[in-house]
Each structure stands twice: as C-alpha cells, then as structure tokens.
Amino acid sequence: MSLLEQIKKQRTKLSHTETMVKTADGKIVCENFVGNTFTAEQLTASHAGYVVDLKPDLQVAKITENLFLGSQDVALDQNLLFLNNITHVISLGIPVTQFPNIGYTYVNVLDLPEFDIRSVFDEVFKVINEVVDKKGKVFVHCNAGVSRSASVVIGYLMATLRLGFDKAYEMVKAQRSCIRPNEGFVRQLKEYEKLINIEGE
C-alpha cells in the first residue's frame, strides 16, 4: 500500500470536527469536516474586525485662544460650532457639510506614515494665521482628531511659538488627551524641529 493510500485510509477514521473561524474582515465562518467532505458556512454578516465606538466625539479642544482641535463630529454639529464661536473650519482629508457664516478650507491629507504631512503646513498655517489676524476662531479636524489634525496643530505651534516637538506635543495632549500621531508623522515633526532650528526640549 502506497503512502498516499495509507493517508487516505487513516483520514476516513478521523472524527468529525467543527471549527469557528473569524476572518480579518469580521466574518464568522463555521468549518465542518466529516469524512472526505469539507463545508464552510458563514454564520454572521460581515462587520468590522474590531470594536467600533459609535458615540460621537464632541470635544472642542481649545489649544490657544483662537485655535481648536477635534474630530469630524464637531465639524458636523452646527450648534457646537456656534457655541464655541468658530468662524472657520479646516478639514484635513475629511470633507464635511458646510454651514452658513463659517469659512471652510479642505486639504487632502492621508493618515499614512509615508504621507508627507509637512507638505500641507504652509497652506494650513496661512489659513490659521489669516483667521487669527481677523480675531476669528479656527477649528481643525480630520476624522478622529487624533493623528492628522493633531500633527498639523503640533507643527503650527512649533512654527509660531518656536516650540520643540516634545513641548508642542504635550501642549496639545494636555487639551486633547487622545491624540496619537502615527509614527511617520512623529518622525517628520522631529525632523521639522531641526529644519526650523528649534532646540529640542
């Protein structure tokens, strides 16, 4: 008897097995093996492979007297913008509904470590400065207000207040504790510190 025939013979003696498999995209599949028959049945509809927090993030983090940071949820809440006297909204990578009597600027930014976050600094800083010069208040956001917008605001503080990365980061984190710029943005901001000749704190 060949080895292959021996394997096939032994395979028929295997007991029935049932395995629950969760795929990367959140599907749960029941895999069955009986004798020589294999079946796979999806038990649940596809959903995110992680816990989704559906609660809106309505924190309007006041970074300076005229500069605010947060998530897109704030940008979509007209009353919240009004209550905080926001006169301009800067959207980084996330277009939002535009309300009357508020200025809007959209800048395409990807939350990827390889994206050159410093490439948008000049454009965004110019808008912020124009709003501040007019005594307005600007709200900067991305999707979650954690990486893209936080990185740009940190860069703005570094440039305008002449702060090192660590000091600017802590200043923003003190007002919005959930910030977490991706590793590529952190590296670029530290390089930016050297580029504008600020001694690290």
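The values are calculated or read from the model by the stated rules, or taken from the named source; none is laboratory data. The shown structure was predicted, so the numbers you read here are calculated from the model rather than taken from an experiment. In this analysis, Cβ positions are derived from the backbone assuming ideal geometry, glycine residues included, and neighbour counts consider all displayed protein chains.
Remarks
- Residues of the stretch 172-201 that are buried (at least 17 other Cβ atoms within 10 Å of the Cβ), modelled with pLDDT of 95 or more and not polar (S, T, N, Q): VAL172, ARG176, ILE179, PRO181, GLY184, PHE185, VAL186, LEU189, TYR192, GLU193.
- Filter pass, ILE90 being within 12 Å of VAL131 (Cα to Cα), surrounded by 17 or more Cβ atoms within 10 Å (Cβ to Cβ) and within 19 Å of the chain's Cα centre (by Cα): yes
- Within the stretch 131-150, being more than 24 Å from PRO113 (Cα to Cα) and part of a loop (DSSP other than H, G, I, E, B) holds for LYS134, LYS135, GLY136, LYS137.
- Residue in the stretch 97-119 that is free of Cβ contacts under 8 Å to residues at least 60 places away in the same chain, surrounded by fewer than 15 Cβ atoms within 10 Å (Cβ to Cβ), polar (S, T, N, Q) and at positive phi present: yes
So that you can scan it fast, the table gives a plain yes or no per residue for (1) of a type in the set (Asp, Glu); (2) in contact (Cβ under 8 Å) with a residue 60 or more places away in the chain:
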position: MET158; (1), (2): no, no
position: GLY164; (1), (2): no, no
position: GLU170; (1), (2): yes, no
position: LYS173; (1), (2): no, no
position: LEU189; (1), (2): no, yes
position: TYR192; (1), (2): no, yes
position: ASN197; (1), (2): no, no
